[in-house]
Amino acid sequence: MKNLGILLSGRGSNFVAIADSLAAGCIPNARIAVVISNRADAPGLEIARQRGLNALVIPSKGTPREEHDRAVVSALHQNKVDLICLAGYMRLLSPWFVQQFPGKILNIHPSLLPAFPGLEAHEQAFAYGVKVTGCTVHFVDEELDHGAIIVQKSVPVLDSDDEHTLAARILEQEHIAYTEAIKIVLEGKFEVLGRRMVRK
Ligand code: GRF
(Lines give C-alpha, C1' and ligand atoms only; values in the text may rest on other atoms or scores of the structure.)
Protein backbone atom coordinates (compact mmCIF):
# COMPACT_ATOMS: atom_id res chain seq x y z
CA MET A 1 0.00 0.00 0.00
CA LYS A 2 1.42 3.36 -1.02
CA ASN A 3 0.82 6.39 1.17
CA LEU A 4 -0.11 9.65 -0.52
CA GLY A 5 0.43 13.01 1.12
CA ILE A 6 -1.67 15.88 -0.22
CA LEU A 7 -0.54 19.47 0.23
CA LEU A 8 -3.12 22.16 -0.43
CA SER A 9 -3.91 25.79 0.36
CA GLY A 10 -7.44 26.34 -0.90
CA ARG A 11 -10.53 24.89 -2.57
CA GLY A 12 -9.20 21.35 -2.83
CA SER A 13 -11.04 20.12 -5.92
CA ASN A 14 -7.98 18.24 -7.17
CA PHE A 15 -7.63 16.63 -3.74
CA VAL A 16 -11.30 15.58 -3.90
CA ALA A 17 -10.81 14.15 -7.40
CA ILE A 18 -7.85 12.10 -6.14
CA ALA A 19 -9.79 10.92 -3.07
CA ASP A 20 -12.73 9.92 -5.29
CA SER A 21 -10.43 8.01 -7.66
CA LEU A 22 -8.95 6.12 -4.71
CA ALA A 23 -12.40 5.34 -3.30
CA ALA A 24 -13.52 4.09 -6.73
CA GLY A 25 -10.49 1.81 -6.99
CA CYS A 26 -9.10 3.75 -9.97
CA ILE A 27 -5.74 4.14 -8.23
CA PRO A 28 -4.99 0.69 -6.82
CA ASN A 29 -3.01 -0.03 -3.64
CA ALA A 30 -2.84 3.53 -2.41
CA ARG A 31 -4.41 5.66 0.28
CA ILE A 32 -4.27 9.24 1.48
CA ALA A 33 -2.15 9.13 4.62
CA VAL A 34 -2.27 12.84 5.35
CA VAL A 35 -3.66 16.11 4.00
CA ILE A 36 -1.63 19.16 4.99
CA SER A 37 -2.64 22.78 4.50
CA ASN A 38 -0.54 25.84 5.18
CA ARG A 39 -3.78 27.79 5.72
CA ALA A 40 -6.27 27.00 8.48
CA ASP A 41 -9.15 28.38 6.38
CA ALA A 42 -8.57 26.21 3.30
CA PRO A 43 -11.94 24.72 2.26
CA GLY A 44 -10.09 21.56 1.14
CA LEU A 45 -9.02 20.94 4.72
CA GLU A 46 -12.63 20.90 5.93
CA ILE A 47 -13.53 18.40 3.19
CA ALA A 48 -10.62 16.21 4.28
CA ARG A 49 -11.88 16.27 7.86
CA GLN A 50 -15.45 15.47 6.76
CA ARG A 51 -14.07 12.47 4.92
CA GLY A 52 -12.34 11.28 8.06
CA LEU A 53 -8.85 11.83 6.71
CA ASN A 54 -5.87 12.84 8.75
CA ALA A 55 -5.91 16.60 8.11
CA LEU A 56 -3.23 18.90 9.50
CA VAL A 57 -2.69 22.63 9.47
CA ILE A 58 0.92 23.74 9.45
CA PRO A 59 0.60 27.52 9.18
CA SER A 60 3.12 29.21 6.97
CA LYS A 61 2.23 32.81 7.77
CA GLY A 62 4.88 34.43 9.91
CA THR A 63 7.08 31.31 9.95
CA PRO A 64 10.50 31.37 8.26
CA ARG A 65 10.39 29.23 5.11
CA GLU A 66 12.98 26.74 6.33
CA GLU A 67 11.21 26.16 9.64
CA HIS A 68 7.87 25.66 7.89
CA ASP A 69 9.34 23.26 5.35
CA ARG A 70 10.97 21.24 8.13
CA ALA A 71 7.64 20.91 9.93
CA VAL A 72 5.89 19.78 6.75
CA VAL A 73 8.63 17.29 5.82
CA SER A 74 8.58 15.87 9.32
CA ALA A 75 4.76 15.38 9.16
CA LEU A 76 5.16 13.66 5.78
CA HIS A 77 7.81 11.32 7.21
CA GLN A 78 5.73 10.62 10.31
CA ASN A 79 2.88 9.55 8.07
CA LYS A 80 5.23 7.40 5.96
CA VAL A 81 4.30 9.25 2.79
CA ASP A 82 5.60 7.65 -0.43
CA LEU A 83 4.26 10.21 -2.92
CA ILE A 84 3.43 13.88 -2.37
CA CYS A 85 0.74 15.51 -4.49
CA LEU A 86 0.68 19.29 -4.55
CA ALA A 87 -2.95 20.21 -5.15
CA GLY A 88 -3.23 23.97 -5.20
CA TYR A 89 -0.43 24.37 -2.66
CA MET A 90 0.44 28.04 -2.92
CA ARG A 91 3.95 27.77 -1.53
CA LEU A 92 7.23 27.32 -3.30
CA LEU A 93 9.05 24.31 -1.90
CA SER A 94 12.62 25.02 -0.87
CA PRO A 95 15.40 23.08 -2.64
CA TRP A 96 15.97 21.28 0.67
CA PHE A 97 12.34 20.08 0.72
CA VAL A 98 12.54 18.86 -2.89
CA GLN A 99 15.77 16.99 -2.12
CA GLN A 100 14.10 15.03 0.69
CA PHE A 101 11.77 13.33 -1.80
CA PRO A 102 13.55 12.97 -5.13
CA GLY A 103 11.10 12.03 -7.91
CA LYS A 104 8.33 11.73 -5.33
CA ILE A 105 6.60 15.10 -5.59
CA LEU A 106 3.95 15.87 -8.22
CA ASN A 107 2.30 19.17 -9.07
CA ILE A 108 -0.58 20.17 -11.29
CA HIS A 109 -0.57 23.41 -13.23
CA PRO A 110 -3.44 24.85 -15.27
CA SER A 111 -1.58 25.44 -18.55
CA LEU A 112 0.38 23.49 -21.11
CA LEU A 113 3.86 24.02 -19.66
CA PRO A 114 6.27 25.54 -20.45
CA ALA A 115 3.66 28.13 -21.49
CA PHE A 116 2.31 30.33 -18.72
CA PRO A 117 4.08 29.15 -15.55
CA GLY A 118 3.43 30.90 -12.27
CA LEU A 119 0.31 32.54 -10.94
CA GLU A 120 -2.93 33.10 -12.86
CA ALA A 121 -2.09 30.74 -15.69
CA HIS A 122 -5.62 30.82 -17.16
CA GLU A 123 -5.67 34.58 -17.19
CA GLN A 124 -2.25 34.62 -18.82
CA ALA A 125 -3.35 32.15 -21.53
CA PHE A 126 -6.64 33.95 -22.13
CA ALA A 127 -5.00 37.36 -22.39
CA TYR A 128 -2.32 36.00 -24.72
CA GLY A 129 -5.02 34.78 -27.07
CA VAL A 130 -3.88 31.16 -27.44
CA LYS A 131 -6.39 28.88 -29.14
CA VAL A 132 -5.37 25.80 -27.16
CA THR A 133 -4.37 25.57 -23.52
CA GLY A 134 -4.78 22.85 -20.91
CA CYS A 135 -3.12 21.42 -17.85
CA THR A 136 0.10 19.67 -16.90
CA VAL A 137 0.99 17.21 -14.16
CA HIS A 138 4.74 17.20 -13.64
CA PHE A 139 7.44 16.15 -11.22
CA VAL A 140 8.53 18.94 -8.92
CA ASP A 141 12.13 20.03 -9.14
CA GLU A 142 13.85 23.05 -7.69
CA GLU A 143 12.43 25.47 -10.28
CA LEU A 144 8.87 26.73 -10.42
CA ASP A 145 6.49 24.70 -12.64
CA HIS A 146 9.49 23.07 -14.28
CA GLY A 147 10.09 19.34 -13.66
CA ALA A 148 9.60 16.48 -16.16
CA ILE A 149 6.08 16.26 -17.56
CA ILE A 150 3.96 13.20 -16.72
CA VAL A 151 0.56 13.99 -18.27
CA GLN A 152 -0.84 16.89 -20.26
CA LYS A 153 -4.41 17.47 -21.42
CA SER A 154 -5.30 20.06 -24.01
CA VAL A 155 -8.37 22.29 -23.86
CA PRO A 156 -9.52 24.49 -26.76
CA VAL A 157 -10.11 28.16 -26.05
CA LEU A 158 -13.52 29.04 -27.48
CA ASP A 159 -14.46 32.43 -28.88
CA SER A 160 -17.30 32.48 -26.37
CA ASP A 161 -14.99 31.84 -23.39
CA ASP A 162 -14.10 34.18 -20.61
CA GLU A 163 -11.44 33.39 -18.01
CA HIS A 164 -14.00 31.63 -15.83
CA THR A 165 -15.54 29.30 -18.41
CA LEU A 166 -12.06 28.46 -19.65
CA ALA A 167 -10.80 27.77 -16.11
CA ALA A 168 -13.79 25.50 -15.45
CA ARG A 169 -13.10 23.38 -18.55
CA ILE A 170 -9.42 23.15 -17.69
CA LEU A 171 -10.31 22.08 -14.13
CA GLU A 172 -12.37 19.14 -15.44
CA GLN A 173 -9.29 17.95 -17.31
CA GLU A 174 -7.06 18.54 -14.27
CA HIS A 175 -9.13 16.09 -12.28
CA ILE A 176 -8.70 13.42 -14.95
CA ALA A 177 -5.02 14.18 -15.50
CA TYR A 178 -4.01 13.97 -11.83
CA THR A 179 -5.42 10.47 -11.39
CA GLU A 180 -3.71 9.29 -14.57
CA ALA A 181 -0.38 10.74 -13.47
CA ILE A 182 -0.53 9.21 -9.99
CA LYS A 183 -1.28 5.81 -11.50
CA ILE A 184 1.67 6.06 -13.87
CA VAL A 185 4.05 7.11 -11.12
CA LEU A 186 2.90 4.48 -8.62
CA GLU A 187 3.11 1.74 -11.25
CA GLY A 188 6.72 2.81 -11.76
CA LYS A 189 6.91 1.61 -15.36
CA PHE A 190 8.64 4.70 -16.69
CA GLU A 191 12.01 6.34 -16.84
CA VAL A 192 13.01 9.97 -16.95
CA LEU A 193 15.53 10.67 -19.70
CA GLY A 194 16.66 14.24 -19.31
CA ARG A 195 13.34 16.08 -19.28
CA ARG A 196 11.42 13.26 -20.95
CA MET A 197 9.30 10.87 -18.96
CA VAL A 198 8.87 7.77 -21.10
CA ARG A 199 6.71 4.77 -20.32
CA LYS A 200 8.44 1.37 -20.33
C1 GRF B 1 -5.67 24.27 -9.83
O2 GRF B 1 -6.02 25.07 -10.93
C3 GRF B 1 -4.28 23.76 -9.99
O4 GRF B 1 -3.93 23.51 -11.31
C5 GRF B 1 -3.44 24.89 -9.43
O6 GRF B 1 -4.18 25.37 -8.35
C7 GRF B 1 -5.56 25.10 -8.55
C8 GRF B 1 -6.03 24.32 -7.36
O9 GRF B 1 -7.40 24.08 -7.40
N10 GRF B 1 -2.12 24.43 -9.09
P11 GRF B 1 -8.05 23.11 -6.34
O12 GRF B 1 -7.72 23.67 -4.97
O13 GRF B 1 -7.47 21.73 -6.54
O14 GRF B 1 -9.53 23.15 -6.62
Q | Summed residue charge, Cβ within 14 Å of Lys131's Cβ, Lys/Arg positive, Asp/Glu negative | A | -1
Q) From the phi of every residue in region 19-35, what ³J(HN,Hα) in whole Hz does the Karplus formula 6.51 cos²θ - 1.76 cosθ + 1.60 yield, where θ is phi - 60° and glycine or proline is x? A) 4, 5, 5, 5, 5, 7, x, 7, 10, x, 6, 8, 8, 8, 8, 7, 10
Q. Can you give the percent of C-alpha pairs in region 3-54 whose distance is more than 13 Å?
A. 52 percent
Q: Would you mind telling me which residue in Gly134, Gly44, Gly103 has the biggest mean-square fluctuation in a Gaussian network model of the chain, where springs connect alpha carbons within a distance under 10 angstrom?
A: Gly103
Q. Looking only at Cα atoms, what is the convex hull volume of region 107-200 per residue, in Å³?
A. 87 Å³
Q: Return the long-range amide H neighbours of Phe101 (sequence gap of 5 or more, or a different chain), with a cut-off of under 5 Å between placed amide H atoms.
A: none
Q) Could you give the dipole magnitude of region 1-101 about its Cα centre, charging the beta-carbon of Lys and Arg +1 and that of Asp and Glu -1, in debye to the nearest 20? A) 60 debye
Q: Averaging over all projection directions, find the projected area of the Cα convex hull of the chain and quote it in nm² with one decimal place.
A: 11.2 nm²
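Can you give the accessible area per residue of region 86-200, in Å², using a 1.4 Å probe?
Dividing the accessible area of region 86-200 by its residue count gives 52 Å².
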Q) With Cβ to Cβ distances under 14 Å as the rule, what net charge do the other residues near Asn107 carry (K, R +1; D, E -1)? A) -3
Q: Return the calculated 222 nm mean residue ellipticity for the chain, to the nearest 500 deg cm²/dmol, obtained by summing -39500 (n - 2.57) across DSSP H runs with n ≥ 4 and dividing by the residue count.
A: -11000 deg cm²/dmol
Q | For the chain, share of DSSP beta bridges that run antiparallel, in % to the nearest 5 | A | 45 percent
**Q.** Selected from Tyr178, Tyr128, Tyr89 as most flexible by GNM, with the chain as the system and alpha-carbon contacts under 10 Å
**A.** Tyr128
Q) Which percent of the accessible area of region 107-200 is formed by carbon and sulfur heavy atoms (probe 1.4 angstrom)? A) 55 percent
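The values are calculated or read from the model by the stated rules, or taken from the named source; none is laboratory data. Nothing here was measured: the structure is a model prediction, and the numbers come from that model. As a convention, Cβ positions derive from the backbone with ideal geometry for all residues, glycine included, and neighbour counts pool all protein chains shown. Only protein heavy atoms, including side chains, enter the accessible area calculation; ligands, DNA and RNA are left aside. Shrake-Rupley method; radii C 1.70, N 1.55, O 1.52, S 1.80 Å.
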